[in-house]
Amino acid sequence: MFKLKILFFFIYLVSCTKEPVLYQVDFVTQPVNGGSINLNSNNYNEGEILKLEAIPSENYSFDFWSGDLNSNNSLIDLVVDSDKTVFANFSKKRFEVNITIEGQGKVSKRLIKSGSKNDYSYGSIVEILASPDNGWTFVKWQGDIENNTTNPVHINIDG
């Protein structure tokens, strides 16, 4: 009878184990095409440590984590202790257009598509117009638009 009580007590203890607590962790990238996160939205066990990595798409940079995680590090650990929503924020890489004038005159830049005055994001299109002073003549562009005699000229910001 004593053995039966011990067996019953053991079965009772084994059957009383605590169910694992699961929490929903959602991952979102902003903008959607700016990059990815190495893990998928899912249910994770309480206390689990998730090793997150924000992976930028081509011509994007990782900026910061937001939501239930705040950091500027693209690699970071997240402790699962509640339901969470985590955002990986990315931005387009930015490029500067530098112009040097040989001779006398002015060069104006006009943004055709996206970006700001001097610092252009990937995919921007910039129109450049050479306006020579009196007595001077525009001959050609040099540099990344080598030997191009078109004036104005459109350049694509692609790295």
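The values are calculated or read from the model by the stated rules, or taken from the named source; none is laboratory data. In this text, all values refer to a predicted model and were calculated from it rather than measured experimentally. Ideal geometry is used to build each Cβ from the backbone, glycine not excepted, and the neighbour counts take in all protein chains shown.
Applying the condition of being at pLDDT 95 or above and aliphatic (A, V, I, L, M) to segment 23-38 and asking which residue is surrounded by the most Cβ atoms within 10 Å (Cβ to Cβ) yields V25.
Per-residue answers, yes or no, for (1) surrounded by fewer than 16 Cβ atoms within 10 Å (Cβ to Cβ); (2) at pLDDT below 70:
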position: F87; (1), (2): no, no
position: K92; (1), (2): no, no
position: I101; (1), (2): yes, no
position: V107; (1), (2): no, no
position: I112; (1), (2): yes, yes
position: G115; (1), (2): no, yes
position: S121; (1), (2): no, no
position: S124; (1), (2): no, no
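Of all the residues in segment 69-89, those that are touching a Gly at 6+ places or on another chain (Cβ under 8 Å) and within 17 Å of E48 (Cβ to Cβ) number 6.
Condition check ((1) part of a strand (DSSP E or B); (2) modelled with pLDDT of 95 or more; (3) surrounded by 14 or more Cβ atoms within 10 Å (Cβ to Cβ); (4) among the aromatic types (F, W, Y)) across all residues:
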{"site": "F8", "(1), (2), (3), (4)": "no, no, no, yes"}
{"site": "Y12", "(1), (2), (3), (4)": "no, no, no, yes"}
{"site": "S66", "(1), (2), (3), (4)": "yes, yes, yes, no"}
{"site": "I76", "(1), (2), (3), (4)": "yes, yes, yes, no"}
{"site": "S82", "(1), (2), (3), (4)": "no, yes, no, no"}
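Just one of (1) modelled with pLDDT under 90; (2) among the polar types (S, T, N, Q); (3) farther than 27 Å from S91 by Cα fails for N45. It is (1).
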